[in-house]
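The values are calculated or read from the model by the stated rules, or taken from the named source; none is laboratory data. This structure is a prediction, so every number in the text was calculated from the model and none was measured. All Cβ positions, even for glycine, are placed from backbone atoms using ideal geometry, and neighbour counts span all protein chains on display.
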Amino acid sequence: MFEGPIGVGKTTLARRVASSIGAGLMLEQPDDNPFLERFYRSPAQYALQTQLFFLFQRVKQLKELRQGDLFSPIRIADFMLEKDPLFARLTLDEDELYLYEQVYKQLAPEVPQPDLVIYLQAPTEVLVKRIRKRGILFERNMERGYLEELADAYTRFFLSYHDSALLMVNAENLNFLDSEEHYQLLLDEIAATHSGRHYFNPDF
């Protein structure tokens, strides 16, 4: 599974890796969330609805993995369920967060753990540039401070993460879409990562 803050390049990389190795692909579906655009316009008003929709959506997708797929024994995803509380703690007030956490505790045990998590990191200014480049209209209202808090939340989470093998990737100066060299180096690193914590920070 690929993880990291908004704009770091999870979905692009997940698509390319899945294509390269013939794996099944499971992607987040933010366009299906009817509250997301309204959340970016009025975060306080729509945070709980947005977060619960994403939680139910992600749990449903991950539970479907238990059914198996004989033709795609390897699955690549651009999210993990544990990301969901990171967003909730940033956007929900105290009472909303309590309600959300009760729902999360009931649903989280039902989903499988990944074999490998690839955590993509990049500075906030890089995230801002990439978000602007992809041109999703409602993301224009995203505040820089929110991105900084989100990136910090991811960093704290993965500093103590030990549930799966973890590959931490400094993606600030890497272009996995256009640079074959960058991409092949990462593929080699992924193939060599089977357990423990590893770092990918090539000097380009």
Legend entry - Qualifying residue in segment 62-78 (condition: assigned to a loop (DSSP other than H, G, I, E, B), in contact (Cβ under 8 Å) with a residue 60 or more places away in the chain and within 20 Å of L166 (Cβ to Cβ)): yes
Legend entry - Selection count where residues are more than 16 Å from T11 (Cβ to Cβ), in contact (Cβ under 8 Å) with a residue 24 or more places away in the chain and among the acidic types (D, E), scope segment 112-154: 3
Inset, instruction - Check Q51, Q45 and return the single one that is buried (at least 19 other Cβ atoms within 10 Å of the Cβ), under 24 Å from I131 (Cβ atoms) and of a type in the set (S, T, N, Q). - result: Q51
Inset, instruction - Return the residue satisfying two criteria in turn: it lies in segment 41-90 and is of a type in the set (S, T, Y) and at pLDDT below 95, and of such residues it is nearest to P112 (Cα to Cα). - result: S72
Inset, instruction - Just give me the residues in segment 91-111 being in a loop (DSSP other than H, G, I, E, B), at pLDDT 95 or above and closer than 24 Å to K10 by Cβ, in sequence order. - result: L92
Inset, instruction - State all residues of segment 17-32 that are within 16 Å of the chain's Cα centre (by Cα) and over 18 Å from Q121 (Cα atoms); if no residue qualifies, say none. - result: A18, L25, M26, L27, E28, Q29, P30, D31
Legend entry - Those residues of segment 141-192 which are within 12 Å of I118 (Cβ to Cβ), part of a helix (DSSP H, G or I) and in contact with a Ser or Thr (Cβ under 9 Å, 6 or more places away or on another chain), in sequence order: L187
Legend entry - Every pair of residues 6+ apart whose Cβ atoms lie under 7 Å, when the first sits in segment 166-189 and is β-branched (V, I, T) while the second is crowded, with 18+ Cβ neighbours inside 10 Å and not in a helix (DSSP H, G or I): V169/I118; V169/Y119; V169/L120; V169/Q121; V169/F200
Inset, instruction - Identify all residues within segment 136-191 that are over 14 Å from F87 (Cα atoms) and small (G, A, S); write none if there are none. - result: S160, S164, A165, A171, S179, A191
